[in-house]
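Following: one structure in structure tokens, then a few remarks.
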Amino acid sequence: MTHPFEIEQELTLSASLEQVWETIATGPGIDSRLMGRNVVEPREGSVAAMDIGGHRARRR
């Protein structure tokens, strides 16, 4: 059984806020950090999808 948890960490990056957002909140940015193909619709209430090895996960 899983239990909710939180990890909080603070760090300083040599990147602009826009560069950080691009990396964590867009399909190509997520692709640069994770395996598979990621698609994120850039709007409120959007769907994010990840394809890895023929398996597709979607999250609203």
Legend entry - Under the Karplus curve 6.51 cos²θ - 1.76 cosθ + 1.60, θ = phi - 60°, whole-Hz ³J(HN,Hα) for the range 36-45, x wherever Gly or Pro sits: x, 10, 10, 10, 10, 6, x, 7, 5, x
Inset, instruction - Any chance you could run the full-extension gain for L17 through R59? It's 0.36 nm times the residue separation minus the Cα-Cα distance, nm to one decimal. - result: 12.7 nm
Inset, instruction - For P(r) over Cα pairs in 10 Å bins from 0, in percent, several values are listed as (1) 18, 47, 31, 5; (2) 20, 48, 30, 2; (3) 19, 39, 37, 6; flag the one computed from this structure. - result: (3)
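Just so you know, all these numbers are worked out from the coordinates, no wet-lab data involved. This one's a predicted model, so the numbers in the text were calculated from it and none came from an experiment.
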